[in-house]
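Notes follow once the structure below has been shown.
The values are calculated or read from the model by the stated rules, or taken from the named source; none is laboratory data. This one's a predicted model, so the numbers in the text were calculated from it and none came from an experiment. Don't worry about glycine lacking a Cβ; one is built from the backbone with ideal geometry, like all the others, and counts go over all protein chains shown. Just the protein is used for accessible areas: all its heavy atoms, side chains included, with ligands, DNA and RNA removed. Shrake-Rupley method; radii C 1.70, N 1.55, O 1.52, S 1.80 Å.
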Amino acid sequence: MNKESADQSFEKFISTRTRNVKSLREVVVESLREAIVRGQIKSGEHLKERDLSEKLGISTTPIKEAFRILGNEGLVVTIPRKGTYVSEYVDTNIEEVLQLRAVVEGLCAKFAAAKANDQQVDRLKAQLALMEELFEKKDIDALVEENTRFHALIREIANNSMVTNLLNNISSFETAFRKRALTNKDEMKDGYLEHKEILQAIIERDPERAEELMKRHINRTLTNVLKK
């Protein structure tokens with residue numbers, strides 16, 4: 001994608017998000033985070049406050065606040081008297097966060113397999129059936145949403161507040177990365193089949209296998225997407 005096309009894509013992405021988020025700071029944070037994680041804005045790219053201000057039609061104040069938050073997340077770096085840039089280590093930061101997610105989500109799957117009742121298993125089955133429908137239709141946006149809900153159901157069944165809180169802290173990375181992953185046709189298919197295996201381990205009440213499958217699923221996705 002050339003720079004002009006990337007800019008147009010990003011502007012369209014930003015304008016779509018502004019209709020759904022209340023805070024201007026949240027608009028900028030979520031939009032920039034997702035664009036960086038999805039690779040729409042590249043490592044080392046200069047993020048100019050005035051350019052973003054003009055594109056969004058807002059003051060530079062919420063943009064400065066967004067840069068501070070993204071800096072704390074390791075996605076951007078601000079160099080005095082030079083400006084703010086996408087971190088050169090952005091893929092490393094994403095990889096480390098998602099490796100943490102793999103471990104914690106693995107525990108969620110383990111706990112869910114040990115605790116799930118028949119009604120909860122039925123909910124997971126229904127959720128996976130819906131995801132299969134969306135997979136067949138290639139409805140990526142809806143699939144991302146329902147994919148997130150599938151994982152949320154597993155966390156709910158796991159019923160461990162500390163684990164849930166840890167995952168909530170990285171949910172923004174998770175959602176953005178999932179959107180990046182599911183734009184790939186092979187990833188859509190592989191991810192769906194892996195979800196079926198995870199569900200089967202929960203149905204069979206096999207905690208160790210559920211944990212291993214979940215960790216393998218997330219780490220496989222991470223490797224495949226980042227290395228492309």
Extension gain, TYR89 back to ILE203 (0.36 nm per residue minus Cα-Cα distance, nm): 37.0 nm
Solvent-accessible surface ranking, highest first, for ARG180, ARG149 at 1.4 angstrom: ARG149, ARG180
Extension gain (nm, one decimal) between THR183 and ILE79, 0.36 nm per residue minus Cα-Cα: 34.1 nm
222 nm mean residue ellipticity, helices alone, for the chain (DSSP H n ≥ 4; -39,500 (n - 2.57); rounded to 500): -25000 deg cm²/dmol
Nonlocal amide H pairs with VAL76, under 5 Å, H built at 1.01 Å: GLY71, SER87
Furthest towards positive pole of dipole, VAL163, SER53, VAL97, structure part the chain, Cβ charges: SER53
Folded to 0 to 90 degrees: helix 24-37 orientation relative to the chain principal axis, Cα: 70 degrees
Cα-based helix-to-principal-axis angle, 140-158 vs the chain, degrees rounded to 10: 50 degrees
Distance from the stretch 86-116 to the stretch 135-189 (C-alpha centre basis), Å: 11 Å
Per residue, in Å², the accessible surface of the chain once ligands and nucleic acids are set aside, probe 1.4 Å: 54 Å²
In nm, spacing of pseudo-spin labels at HIS46 and MET162 (7 Å Cα→C-beta vector): 4.8 nm
Value of D in µm² per second that Stokes-Einstein yields for the stretch 124-228, Kirkwood Rh from Cα pairs, at 10 °C (1.306 mPa s): 112 µm²/s
Hull shadow area, averaged, the stretch 83-123 [alpha-carbon convex hull, nm²]: 4.4 nm²
Furthest towards positive pole of dipole, ALA66, ALA129, GLY106, structure part the chain, Cβ charges: ALA66
Heavy-atom accessible surface of the stretch 81-228: percent carbon and sulfur, 1.4 Å: 47 percent
Fully extended contour minus Cα-Cα distance, from ASP122 to ASP139, at 0.36 nm per residue: 3.8 nm
Exposure rank, largest accessible area first [SER172, SER59; 1.4 Å]: SER59, SER172
The stretch 88-93 - phi-based ³J(HN,Hα) in whole Hz, Karplus 6.51/-1.76/1.60, Gly and Pro as x: 5, 9, 4, 5, 5, 5
Per-pair calculated FRET efficiency, R0 = 30 Å: ILE58 and THR223 via Cβ, rounded to 0.05: 0.20
Candidates LYS137, LYS179, LYS189: whichever shows maximal mean-square fluctuation once the chain is modelled as a Gaussian network with Cα springs under 10 Å: LYS137
Over 21 Å (Cα to Cα) - which of LYS110/LYS138; LYS115/LYS138; LYS42/LYS137; LYS137/LYS196; LYS115/LYS189 fall in this group: LYS110/LYS138; LYS115/LYS138; LYS42/LYS137; LYS115/LYS189
Between 0 and 90°, nearest 10: helix 185-203 axis offset from the chain longest Cα axis: 40 degrees
Area of ASP118 that stays accessible when all protein chains are in place (1.4 Å probe, Å², to 10): 110 Å²
Coil-residue trypsin sites (Lys or Arg not before Pro) of the stretch 35-134, DSSP, other Cβ within 10 Å capped at 11: ARG81, LYS82
Within the chain: Cβ-based charge dipole about Cα centre, in debye rounded to nearest 20 (Lys, Arg +1; Asp, Glu -1): 580 debye
Globularity index of the chain, i.e. its alpha-carbon radius of gyration over 2.2 N^0.38 Å: 1.08
